[in-house]
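*Asks:* Structure in structure tokens, see below.
The values are calculated or read from the model by the stated rules, or taken from the named source; none is laboratory data. These numbers were taken from a predicted model, which means no experiment stands behind them. Glycine gets a Cβ as well: all are built from the backbone with ideal geometry, and neighbour counts include every protein chain shown. These area figures cover heavy atoms from the full protein model, side chains too; ligands, DNA and RNA do not enter into them. Shrake-Rupley method; radii C 1.70, N 1.55, O 1.52, S 1.80 Å.
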Amino acid sequence: MKTVLKVALVATGIFSFSASRAQTHKDSTLGHKISTTATKVGHKTSNIAANGAATVVDKKYEGKCGPGGQTVYINKNSHYYYINKKGHRVYLKKSELMDKPMK
């Protein structure tokens, strides 16, 4: 009985040791892809939320656009801005505004 118990304990120890050693190697590229994708999703979510808030709260400047063709908004203090890809407001001078191309 004692030998059976010893053999079972040794087998369990070997099995748990090999299982723990097998999981120590992790694929670093998978973690990087997940991190990059999560960052992209976060930026897109922030952009959509900021654009929605700007559309509701501030006035849209018709006939003008930002440097990349972005929609320009005017806030309550008459400051011109657009929302960048990360969802941040980028304030512009009136001289930096461009005419919107005709469609």
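*Asks:* What are the residues in region 51-60 that are open to solvent by 50 Å² or more (accessible area, probe 1.4 Å) and either hydroxyl-bearing (Ser, Thr, Tyr) or not in a helix (DSSP H, G or I) (or both), if any?
*Replies:* Once the filter is applied, which keeps residues that are open to solvent by 50 Å² or more (accessible area, probe 1.4 Å) and either hydroxyl-bearing (Ser, Thr, Tyr) or not in a helix (DSSP H, G or I) (or both), region 51-60 yields THR55, LYS59, LYS60.
*Asks:* Quickly run through region 70-87 and pick out the residues that are open to solvent by 50 Å² or more (accessible area, probe 1.4 Å) and over 15 Å from the mean Cα position of the chain (by Cα).
*Replies:* GLN70, LYS76, ASN77, SER78, HIS79, listed by residue number.
Quick grid of which residues meet (1) at pLDDT 80 or above; (2) surrounded by 10 or more Cβ atoms within 10 Å (Cβ to Cβ); (3) acidic (Asp, Glu):
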{"residue": "ALA8", "(1), (2), (3)": "no, yes, no"}
{"residue": "ALA19", "(1), (2), (3)": "no, no, no"}
{"residue": "SER28", "(1), (2), (3)": "no, no, no"}
{"residue": "ALA49", "(1), (2), (3)": "yes, yes, no"}
